[in-house]
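First comes the structure, then the notes that go with it.
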Amino acid sequence: MKISHIYVNLPVKDIAKTKEFWTQLGFKINEQISDEKAVCVILNENMFVMFLTEEFFQTFSERPVPKGDTTQVLITIGLNSREEVDNVVNTAVANGATQHEEAQDHGWMYQNSFWDINGHGWNVMFTDISQIPLQP
Amino acid sequence: MKINQIYVNLPVKDVEKTREFWTKLGFPINEQFSDEKAICVIMKEDHIYTMFLKEEFFKTFTDRPIANGETTQTLLAIGVNSREEVDDMVRTAIQNGGSKYSEPQDHGWMYQSSFSDLNGHQWEVMFADASQFPAE
């Protein structure tokens, strides 16, 4: 089994602010499936995040939207260099996000993280597979 | 900005049962990134992965408590290659301990069905035929 694409759907309080935030990070918006209730951020050709107003999100689940005091998901996204990782996290923090953990350098993997303006957790990483340590 | 990989990280109670469930659905496992604390399900080789982490381990990556299953922070929509694959996956999920939380929806250009997995994470499985997308 192999999927063709993924849409991660997350609830937000304010669509316009969310759109502005993700645009600041440098991502494009799929306007065809965005409106006042939802914004579709293009992570790449087959990976997307749909941010939905809490009211709209609620119509897809019988369980309530959490108040932001718990975590059900953390999303890790891979970028193309250490510089991109730091740029995205620094831009996020400059635009209302909060730094999560300190950046971590594992040699083959460099990772930094932030909580976005809606409280969703993002790990941003750059991996260099050629540097992955061999298993014993 | 464009990412190259996404890892959706979700907490689970039992890694072994989770492995069995996703294997039944037909997905391969990345053993290099799997152990007794986490399992890495390959949804699209080199690009889309889901990491299921034991709650205790997941907890080490967030300063907020894990959602207790009574709320929904994320809905994960995954695209597959035909209507049959959509129905097969949902049927297999339900036969293996998943549950249904909404009815299949047929929008013509998009067919969608959904299931809640063993751990209560909600998946919307879809087949979209972009050529049938209604013109605006």
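All other residues whose Cβ lies under 13 angstrom from that of A:Val8 are scored, Lys and Arg at +1 and Asp and Glu at -1, for a net of -2. Under the combined filter of DSSP loop state and at most 11 neighbouring Cβ atoms within 10 Å, the range A:72-136 retains these GluC sites (Glu not before Pro): A:Glu102. For the range A:84-136 versus the range B:34-89, the spacing of their alpha-carbon centroids is 19 Å. Quick one: go through the range B:96-119 and flag any residue whose amide nitrogen is under 20 Å from the point 7 Å out along the Cα-to-Cβ line of B:Ile29. Residues B:96-98, B:117-119 qualify, since their backbone N sits under 20 Å from the label point.
Taking all Cα pairs closer than 8 Å and separated by 6 or more residues, the relative contact order of the range A:66-136 comes to 35 percent. Mean separation of Cα pairs under 8 Å and 6 or more residues apart, divided by the residue count, gives the range B:1-61 a relative contact order of 41 percent. Helix B:15-24 axis versus longest C-alpha principal axis of chain B: approximately 20°, rounded to the nearest ten. Here A:Met50, B:Met43, B:Met110 are placed in order of increasing Cβ neighbour count within 10 Å, fewest first, which gives B:Met110, A:Met50, B:Met43. By the helix-only formula, in which each DSSP H run with n ≥ 4 contributes -39500 (n - 2.57) and the sum is divided by residues, chain A has a 222 nm mean residue ellipticity of -6000 deg cm²/dmol. Looking at the range A:22-126, the chymotrypsin sites (Phe, Trp or Tyr not before Pro) that sit in a DSSP loop and have at most 13 other Cβ atoms within 10 Å of their own Cβ are A:Trp108. In a simple Cβ point-charge model (Lys, Arg +1; Asp, Glu -1; nothing else charged), the range B:25-111 has a dipole of about 200 debye relative to its Cα centre. With a Förster radius of 30 Å applied to the beta-carbon distance between A:Met109 and A:Ile29, the computed FRET efficiency rounds to 0.55.
Neighbour counting of Cβ atoms within 10 Å sorts the residues B:Ile42, A:Ile129, B:Ile66, fewest neighbours leading, into A:Ile129, B:Ile66, B:Ile42. Shape analysis of the protein assembly as shown places it in the rounded category; the axes a ≥ b ≥ c from the Cα gyration tensor give an a/c below 1.5. Rounded to the nearest 10 degrees, the inclination of helix A:15-24 to the longest alpha-carbon principal axis of chain A is 20 degrees.
As a proxy for reagent exposure, B:Asp88, B:Asp129 were ordered by neighbouring Cβ count within 10 angstrom, fewest first; the result is B:Asp129, B:Asp88. For the range A:1-99, the list of trypsin sites (Lys or Arg not before Pro) that fall in a loop by DSSP and count at most 11 other C-beta atoms within 10 angstrom reads A:Lys67. If you run the Gaussian network model on chain A, springs between alpha carbon atoms under 10 Å, then out of A:Ile77, A:Ile117, A:Ile33 the most flexible one is A:Ile33. Counting only alpha carbon atoms, the long axis of helix A:82-94 and the longest principal axis of chain A meet at about 40°. Per-residue extension of 0.36 nm, minus the Cα-Cα distance of A:Asn80 and A:Ser130, leaves a gain of 16.6 nm for this segment.
Helical runs (DSSP H, four residues minimum) scored at -39500 (n - 2.57) apiece and divided by the length of chain B put the mean residue ellipticity at 222 nm at -5500 deg cm²/dmol. Normalised by the number of residues in chain B, the mean separation of alpha-carbon contacts (under 8 Å, six or more apart) gives a relative contact order of 21 percent.
Values quoted throughout were computed directly from the atomic coordinates according to the rules given, and no laboratory measurement underlies them. Everything numeric in this text was worked out from a predicted model, so none of it was measured. Don't worry about glycine lacking a Cβ; one is built from the backbone with ideal geometry, like all the others, and counts go over all protein chains shown.
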